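The values are calculated or read from the model by the stated rules, or taken from the named source; none is laboratory data. Everything numeric in this text was worked out from a predicted model, so none of it was measured. Please note: Cβ atoms are built from the backbone with ideal geometry, for glycine as well, and neighbour counts cover all protein chains shown. Side chains are part of the model used for accessible areas, which takes the heavy atoms of the whole protein and leaves out ligands, DNA and RNA. Shrake-Rupley method; radii C 1.70, N 1.55, O 1.52, S 1.80 Å.
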Amino acid sequence: MLEKNNIKLDSSLEDENVFTKEVRKLQFHEILSESLLNFLTSFGKFIISIFVTLGLTFASIFTGIYKASIKSYLFLSKFLKLKIHQFKFNDLAGRLSFFAFGASSFKNKQYVNGIFYCLFEVGYIAFLALFGGKSLAGLGTLGTKLPTEVWDDMFCHVEMGDNSVLVLVFGLLSLFSIFVFLYIWNRSIVSGYSNYRIVHFLDFKEYIEYVMPYSSRVDELINKDKNYLKSYKELHELTLSISDEALESLNLRLNELKAEQSSCLDLNDIDLKIKQAEEKINVALKDNTSTKDSGLDKKEYIISLKEHLKYLKEQKNTILKSLDANVVHVEEQIKYTRYAIKETIIRSKLHYLELAKLEEKRTNLLNNVEKLRLDKDNSLEIENLISQAKEETNEIEKMKKEGFDINSPELLYFVAIRDKIESKILKLETKYTNKINKLNLKANGISKQIKELINTHTTLAQIESRLNYTSYSKFNCYYKKMNKFNLMDNFYSNYFKLKEIYENSLGLTDNANESYAKEKVVLKEEYEAKLEAINSNFKQIVDNKAQLILLKDKYLKDYKEVRKDLKNHKDDEAYFLELENKLALVKRTDGQINALPSDKLIKSMHKEELSNAKNSFNRDDKYIKTTYKQEEYASKEVIDYMLLNLKYDYDTAKSLVKLITKYDEDTINTLKNDNLNLKIQYEETYKNKYEGTPKSFTLQFRSLFNENFHFTMLAIPLIGIVFLTIMPLFFSILVAFTNYQAGHVPPMQLFTWVGLQNFMNLFAPPADSVLAKLPEAMLSTFSWTIIWAIIATFSNYILGIIFALMINKEGIYLKKLWRTIFVLTIAIPQFVSLLSIGVLLKNNGAFGVWWADTFNNALNFGETADINGLVSKVIIILVNIWVGIPYTILMTSGILMNIPKDLYESSRIDGAGPFAQFTKITMPYIIFVTGPYLITQFIGNINNFNVIFFLTGGGPSIAGSALGVGHTDLLITFLYKIVTSANNPQFGIASAIGIIIFIACAFISIMMYSKSGAVQKEDQFQ
Amino acid sequence: MMNENIENVQNNHVSLFKSLKLRRILSNILIYIILIVVSLIWIAPIVWLVLQSFGDGISTRSKLIPNTFTFDNYLYLFVPDPSASVTEFEGYYIKWIVNTFIVAIFCMFVSTFMVLATAYALSRFRFNGRSLLMKLNLVLGMFPGFLSMIIMYWVMKEIFHLQGSFWSLCIIYTAGAGMGFFVPKGFFDTISKSIDEAAMIDGASRAQVFWHITLPLSKPIVVYTLLTSFMAPWGDYITSSYIIGLQNRDNWTIAIGLYQMLSNNEYSTYYYTQFAAGSVIIAIPITLLFMFMQKYYVGGVTGGAVKG
């Protein structure tokens, strides 16, 4: 039994084992198949993503082209409209400058610009006429005229024909020069137009009309747009430019004040007087020493003179003080505006930052609220519950109606369930509504804060108003001053006439007084007559009204009398007609009465007219004086004359009249001359600054070192880039469409356009030519280039990061030493290190010999190919690691130092280990920052000439390959070989290969750029 | 008992292994070993090259350490060798160094100016076409630079009349220098704009801000650009060989010369050791310069590379 049992047990155990094994097998298979499936799906996703990115990039290219074409169309139409406008609203010189450059500049006395424009036009026309036009025409048919041998009697000399290369170069140059010509043409027109606009400045009004809408737009932006930071930037720049102008104008005012101080008339007078007084004192003192007899008088005289001097000096000081006070005031104003501008800039910055933060918060909250609402609305649970509850209540009601026993257990059960459900609903609702209410309250509070901030922030308009004020004041300053000069001039030239009037009218005062008295009497009579007229007028109105009322009453009476007989004449039509007529009369008179003003109004009107008349009479009566003194009357006459004939305003006339008896002929002449001189001086010094004239050349030149500094900075580099980088690139792109190759090498042979022949040759060359095996060579080099670029970039990147992490690890000493050892490979010129390593690894180099000795097998680095030169390729990649890692190490160690330390500390507090820290903080940071670097590295590796050329020179060579391509040749070294080969250079095909390299680079970098974050946020780093 | 003992030992081992200190020490030791091995590999080719320069004849290249040490290789670079079998490059070495030095100095100043000017203008000014310029720079960078050398050869020959002269190299190196503005621009971007604004409010012009504020603040990037543009001509072969051509030995730069010493079998049998010596001679000052300026180089790379 026992045995049996044991056996049974064993067998059961065995069964179990078998079972578990099978289960495990099954599980294993499942796991295997699952992992396979996972792998397949992920692989499929990867491939699909590649296709998607391909499609997206093509789509983006097409949309880009579409957008660019639309943009260019819009630009062109706008440009043309602008030009037409500039032609229409311009003077003759401005219109002329459409054809003859610089005409308007000459007219506006900007000779430097005018000469430049003029010379440019002449030079350009000369250039086109001499050889530019020829080479432009030659661009269509490159190289038509071959060099020919010419026999002169005995000697033979070769006459050079077209050189295709030069034709292409100069054709391109003249094409470029057309663009430059258009640009300069535009510049000359614009400068002429702006000069015209400035000279015919429709005062500052136009300026304000131009500026204000912009500022309002910015304000709108602030109020409406949610992108506060962006609008802030615009505003910031605007404020800066505006504040510059404001400061400039204030400085001008300061200068003006200082000038005024120096050229003050009163001061000069006082100075003269002081000198005279001092001289007098000196003379008196001398007299005193010579004649002692009359000492007393002289002493008194001297004392009085000294007192006079003292007085004069005090006067001078007060004048100086007042002028100084003015200057100080303006200086303070400048200080204040500086401070204010600084403050506003800072404050606006803070404001916008705050606004942006608040806005973000508010939007988040609102989003939350909406989410919650959606939750609440969509929750099926509640709906179900509600419907359930309704059903339940219905059933209960039914049962009650049917007369169910109230205390029956079923009913109680139902009631309990209903209560439960209702309480649940209540709970849910209270929960959601509470949350929503809270969030809504918060959002409202924040939006209130935002509104407050918007209301309190200093807008652009405020700064602008300050600017407008200053610009107006500077405008007014000049014109006031000039006006004053003119008035004084006018006054001095009419001085004797005025004096005559004055003296004549002195004797006429009594007559005048009499005539004025008469006038007064007449005035009073007139006034009384007017009063009577008014009274009678109003009396008439009142009477009319009373009469009308009487008439109305009469008509009413008639009507009522006729109406009494209504019952007797029920069918009489004539009677009814009469009745109607009477009623109409009543109504008409009633209407007339209503049309008249009410009694109250009539009374008040009457009163008003009376008071008006009285006031005007009083005014006139007051003005007409009958007790003029002689001088008073004379000056009044003069003022009247000045107001009527010389067009002075009353205040200046009144102030000038006081001078009328003071001067004689000589002083008037001197004063007049002084005034004229001062006026001319002032005009010369300040006209350019205050009146609207074009900027002078010096100012324009100075702006090249201030607001237009970037022109100066970019001029030389851009000229270099355009003429020696972009032009050659255009040239080489064009060469790809020519047959520039062996047999067509200028100057003795020529080449012409061949269309897409070179690209065709790359893929399907004619079978019997030298290029027969070109497609295979292209395929091998292209695939190796891509593989090389990928492996080289990522191996350098990953290993570099690993080594950087190792060196920078805590507890590793001699960090500097390790780093310098790695950096050695950057420091030594690459061709030295690469050439020597090339020698070292070759079969007869030290390493090659050592390898052959130990493994009994030659390494064959770059010499004979095994499997597509695999050994050479692997070694090249290893050497590239040797060369390339240090860059990555340097960069990543710099980045590692830049990672904020707080991140690590806070993560440690949250319980992250070193591994988690590495994967969650260090790597993402490094990858984010070095994204663009990876792309440039990738492109750099595609074009990595040095490593391949110096290590293997493209070898091992492929037997019978086209144009001597080797296994390790990249596209770029292939290109080099094609171009430099002595007997069979293929420039056209080289250019085609270059274009293919460009397309590959562009495609890859577009794909990578669209995914890297650091590039897209270029501005946010600043 | 035995079992318990074993368990104890195992437990001890585990706890020891688990203790953080030991783990850190072990990993550090591992890292030290790796670093030592790798740095040996890094130095080895350089040391080998130095040793080769003291070697005697071409046979030394198959040996790790030459059999006999001579100083003749260095000597005959400057002084004619009486027993020379080939006299192809005799007396040219100094000419090449001088040529390269002139080109390098020229490039150092001119292209540094170009690069800094473009970088500053693009970093601090917002003008029409700024983003267009930046994009254009990206696109231009994707063309292989050698492609434009075909026409540059003609331009130098026909327009500048500098065929086969190293002055044409100066023009070519500096003409496109403005395109390398990326790293300095990244550095300028990190300098706060409020400093500029404060200076401008106090009355400084933009040029004064650049000279008196931005440049002193960006010393590392200035030294970095000076250093890189000085070093570029020493290592460039592809452009210089095509533009100068292989006929004008007087105008060769050092890279062409040293490469030509090795390229031909005829010459390399004699010139191999001289090549090594010449390489060491030009490598030493440049390496030393780089080592002294390393601080600025790293500062420039990281300062600019934070933006890539």
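Overview of results
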{"item": "Leading residue by the ranking (nearest to A:Leu951 (Cα to Cα)) among those in the stretch A:834-849 that are among the β-branched types (Val, Ile, Thr) and without any contact (Cβ under 8 Å) to a residue 12 or more places away in the chain", "result": "A:Val839"}
{"item": "Count - residues of the stretch B:107-159 that are closer than 25 Å to B:Pro220 by Cα, of a type in the set (Ser, Thr, Tyr) and open to solvent by 40 Å² or more (accessible area, probe 1.4 Å)", "result": "0"}
{"item": "Scope the stretch A:562-607; condition surrounded by fewer than 11 Cβ atoms within 10 Å (Cβ to Cβ) and closer than 23 Å to A:Lys539 by Cβ; matching residues", "result": "A:Asn594, A:Ala595, A:Ser598, A:Asp599, A:Lys600, A:Leu601"}
{"item": "Some residue of the stretch A:130-149 being out of contact with any strand residue (DSSP E or B) (no Cβ under 8 Å at 6 or more places or on another chain) and closer than 20 Å to A:Ile719 by Cα", "result": "yes"}
{"item": "Filter result for B:Ala104 (open to solvent by less than 30 Å² (accessible area, probe 1.4 Å), in contact with a His (Cβ under 8 Å, 6 or more places away or on another chain), within 14 Å of chain A (Cβ to nearest Cβ) and in a helix (DSSP H, G or I))", "result": "no"}
{"item": "Residue list for the stretch A:860-908, restricted to those being farther than 25 Å from A:Gly800 by Cα and among the β-branched types (Val, Ile, Thr)", "result": "A:Thr864, A:Ile867"}
{"item": "Residues located in the stretch B:204-240, provided they are farther than 30 Å from B:Tyr259 by Cβ, within 10 Å of another protein chain (Cβ to nearest Cβ) and hydroxyl-bearing (Ser, Thr, Tyr)", "result": "B:Ser205"}
{"item": "When residues of the stretch B:73-101 are limited to those that are open to solvent by less than 30 Å² (accessible area, probe 1.4 Å) and hydroxyl-bearing (Ser, Thr, Tyr), the one farthest from B:Asn251 (Cα to Cα)", "result": "B:Tyr74"}
{"item": "Meets criteria (β-branched (Val, Ile, Thr) and not in a helix (DSSP H, G or I)) for B:Thr87", "result": "yes"}
{"item": "Subset of the stretch B:256-273 [in a helix (DSSP H, G or I) and open to solvent by 10 Å² or more (accessible area, probe 1.4 Å)]", "result": "B:Tyr259, B:Gln260, B:Leu262, B:Ser263, B:Asn265, B:Glu266, B:Tyr267, B:Thr269, B:Tyr270"}
{"item": "Residue check, B:Thr253 under 16 Å from the mean Cα position of the chain (by Cα), within 27 Å of B:Thr87 (Cβ to Cβ), open to solvent by less than 30 Å² (accessible area, probe 1.4 Å) and more than 10 Å from chain A (Cβ to nearest Cβ)", "result": "yes"}
{"item": "Every residue from the stretch A:134-183 that is among the hydroxyl-bearing types (Ser, Thr, Tyr) and either out of contact with any Pro (no Cβ under 9 Å at 6 or more places or on another chain) or modelled with pLDDT under 75 (or both)", "result": "A:Ser135, A:Thr141, A:Thr144, A:Thr148, A:Ser174, A:Ser177, A:Tyr183"}
{"item": "Given (1) exposed (fewer than 15 other Cβ atoms within 10 Å of the Cβ); (2) within 30 Å of A:Trp753 (Cα to Cα); (3) in contact (Cβ under 8 Å) with a residue 24 or more places away in the chain, number of the condition A:Val112 does not satisfy", "result": "(2)"}
{"item": "Helices (runs of 4 or more DSSP H) lying entirely in the stretch A:776-880 (those with 2 or more residues that are open to solvent by less than 20 Å² (accessible area, probe 1.4 Å) and of a type in the set (Ser, Thr, Tyr))", "result": "A:830-841"}
{"item": "Residue in the stretch B:162-184 that is surrounded by 17 or more Cβ atoms within 10 Å (Cβ to Cβ), farther than 18 Å from A:Thr725 by Cβ, more than 8 Å from chain A (Cβ to nearest Cβ) and among the hydrophobic types (A, V, I, L, M, F, W, C) present", "result": "yes"}
{"item": "Failed item in (1) among the hydrophobic types (A, V, I, L, M, F, W, C); (2) in contact with a helix residue (DSSP H, G or I) (Cβ under 8 Å, 6 or more places away or on another chain); (3) surrounded by fewer than 19 Cβ atoms within 10 Å (Cβ to Cβ), with B:Ile284 passing the rest", "result": "(2)"}
{"item": "Test: residue in the stretch B:117-126 that is touching a helix residue (DSSP H, G or I) at 6+ places or on another chain (Cβ under 6 Å), part of a loop (DSSP other than H, G, I, E, B), within 12 Å of chain A (Cβ to nearest Cβ) and under 30 Å from A:Asn708 (Cα atoms)", "result": "yes"}
{"item": "Condition check for A:Gln27: within 30 Å of A:Thr698 (Cα to Cα) and modelled with pLDDT under 85", "result": "no"}
{"item": "Qualifying residue in the stretch A:964-976 (condition: facing chain B (nearest Cβ under 7 Å), β-branched (Val, Ile, Thr) and open to solvent by 20 Å² or more (accessible area, probe 1.4 Å))", "result": "no"}
{"item": "Tally, over the stretch B:90-101, of residues that are in a loop (DSSP other than H, G, I, E, B) and either among the charged types (D, E, K, R) or on the phi < 0 side of the Ramachandran plot (or both)", "result": "2"}
{"item": "Odd one out for A:Glu707 among (1) at the interface with another protein chain (Cβ under 8 Å from one of its Cβ atoms); (2) assigned to a helix (DSSP H, G or I); (3) under 27 Å from the mean Cα position of the chain (by Cα); (4) surrounded by fewer than 22 Cβ atoms within 10 Å (Cβ to Cβ)", "result": "(2)"}
{"item": "Residues that are in contact with a Phe, Trp or Tyr (Cβ under 9 Å, 6 or more places away or on another chain) and outside any helix (DSSP H, G or I), drawn from the stretch A:546-594", "result": "A:Asn568, A:His569"}
{"item": "Looking only at the stretch B:188-203, and only at residues there that are open to solvent by less than 30 Å² (accessible area, probe 1.4 Å) and more than 8 Å from chain A (Cβ to nearest Cβ), the one that is farthest from B:Ile221 (Cα to Cα)", "result": "B:Ala199"}
{"item": "Cross-chain or 6+ apart pairs with Cβ under 8 Å, the stretch A:721-734 first and more than 7 Å from chain B (Cβ to nearest Cβ) and closer than 17 Å to A:Ile999 by Cβ, then of a type in the set (Val, Ile, Thr) and open to solvent by less than 30 Å² (accessible area, probe 1.4 Å)", "result": "A:Ile733/A:Ile995"}
{"item": "Selection from the stretch A:616-659 of residues that are open to solvent by 80 Å² or more (accessible area, probe 1.4 Å), of a type outside the set (Phe, Trp, Tyr) and assigned to a helix (DSSP H, G or I)", "result": "A:Arg619, A:Lys622, A:Gln630, A:Glu631, A:Leu644, A:Asn645, A:Asp651, A:Lys654"}
{"item": "Some residue of the stretch A:78-87 being within 30 Å of A:Asn739 (Cα to Cα) and open to solvent by 80 Å² or more (accessible area, probe 1.4 Å)", "result": "no"}
{"item": "Selection status of B:Met231, within 21 Å of B:Gly300 (Cα to Cα) and open to solvent by less than 40 Å² (accessible area, probe 1.4 Å)", "result": "yes"}
